[in-house]
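Asker: One structure, as structure tokens, below. Some questions next.
The values are calculated or read from the model by the stated rules, or taken from the named source; none is laboratory data. Since the model is a prediction, treat every value here as computed from it, not as a measurement. Note: ideal-geometry Cβ built from the backbone for every residue, glycine included; neighbour counts use all protein chains shown.
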Amino acid sequence: MRLRRKAIIYGISMVMALTCFAPVTEIAFATDDQQTQTTQPTKAPAAKNGWQGKYYYQKGKVVKGIRKIGKTWYEFDKKSGKLKRKIGDDMDKKAQKYKSKRKWLVLVDKSRHQVRIYKGKKNKWKLMKNARCTVGAKGTRTPSGTFRITRKGRYFNTGSNLRCWYWTGFIGSEYLFHSVLYNRNGSPTRIVNGTLGKNLSHGCIRLSLSNARYLQKKVPGGSKVVIKNKF
């Protein structure tokens, strides 16, 4: 009896053990399946066109080199496509082709009445100043061509009571960059004619007082000056 009783108890124990282990095995396999599904590599979505941080995408690809986006030119790394610098508009882009004996370059666009001052070197010019100007009127036009900075002075007098400040010559002392017209005082305190953005002068290029001073103080002699009707 005792042996039979033990056999029955042993049999019941084995059945219970198998019953208990079966679900555990199923759960383990289910868990493994879930892990396999979640760790499967998924295809990365295609990059959107436009700016993505310091990268620009067109047709799903990173733009490289010098490219125009809208009205602005940018330089991107030729290998990675990462943005290196903002060049600017078409005039700034065209400035990049010029060489100068000094680290400064001056461009004048007569049709747009703009003087732009750059620092750097060929293909690496950085715009330092974009200034509104007045150029020569009909019959006394500002000459077009390639010149260089020559002489400089604090002021000169013109007419009976006029004075122009911070002049910088680009053809000897005949054609100059200088301030708008002031009253002939010991300091530039009263503007007589401050017009900019017109064809009005006798051939010189007029600037605001602060821009005339900046050009005179910053741009050294020998720097290239390029004047065109339009860039």
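Asker: Out of all the residues in the stretch 201-219, which are surrounded by 15 or more Cβ atoms within 10 Å (Cβ to Cβ) and either touching an Asp or Glu at 6+ places or on another chain (Cβ under 7 Å) or more than 13 Å from His178 (Cα to Cα) (or both)?
Answerer: Within the stretch 201-219, Val219 is the sole residue that qualifies.
Asker: Hey, another quick one. Just one of the numbered conditions (1) under 26 Å from the mean Cα position of the chain (by Cα); (2) surrounded by fewer than 17 Cβ atoms within 10 Å (Cβ to Cβ); (3) more than 20 Å from Ser179 (Cβ to Cβ) is not true of Leu127; which one?
Answerer: Only one criterion in (1) under 26 Å from the mean Cα position of the chain (by Cα); (2) surrounded by fewer than 17 Cβ atoms within 10 Å (Cβ to Cβ); (3) more than 20 Å from Ser179 (Cβ to Cβ) is unmet by Leu127, namely (2).
Asker: Only one of (1) among the charged types (D, E, K, R); (2) in contact with a strand residue (DSSP E or B) (Cβ under 7 Å, 6 or more places away or on another chain); (3) surrounded by fewer than 20 Cβ atoms within 10 Å (Cβ to Cβ) fails for Arg116. Which number is that?
Answerer: So the condition that Arg116 fails would be (3).
Asker: Shifting gears a bit: Condition check: among the aliphatic types (A, V, I, L, M), not assigned by TED's automatic domain parsing to the domain that holds Thr72 and not in a strand (DSSP E or B). Does Leu196 satisfy that? If you could, list the steps in order and put the result at the bottom.
Answerer: On the way: among the aliphatic types (A, V, I, L, M): yes; not assigned by TED's automatic domain parsing to the domain that holds Thr72: yes; not in a strand (DSSP E or B): yes.
Yes.
Asker: A further question follows. Looking at the stretch 49-72, which of its residues are within 18 Å of Gln96 (Cα to Cα) and assigned to a strand (DSSP E or B)?
Answerer: Once the filter is applied, which keeps residues that are within 18 Å of Gln96 (Cα to Cα) and assigned to a strand (DSSP E or B), the stretch 49-72 yields Gly65, Ile66, Arg67, Lys68, Ile69, Thr72.
Asker: For the stretch 131-182, name all the residues that are in a strand (DSSP E or B), under 27 Å from Arg102 (Cα atoms) and aliphatic (A, V, I, L, M).
Answerer: Passing the criteria: Ala131, Val135, Ile171, Leu176.
Asker: Could you tell me whether the stretch 91-105 includes any residue that is in the same structural domain as Phe147 (by TED's automatic domain parsing), within 12 Å of the chain's Cα centre (by Cα) and under 18 Å from Gly222 (Cα atoms)?
Answerer: Taking every residue of the stretch 91-105 in turn, none turns out to be in the same structural domain as Phe147 (by TED's automatic domain parsing), within 12 Å of the chain's Cα centre (by Cα) and under 18 Å from Gly222 (Cα atoms).
Asker: Then there's this: What are the residues in the stretch 199-222 that are in contact with a Ser or Thr (Cβ under 6 Å, 6 or more places away or on another chain), assigned to a helix (DSSP H, G or I) and in contact (Cβ under 8 Å) with a residue 60 or more places away in the chain, if any?
Answerer: Leu215, Gln216
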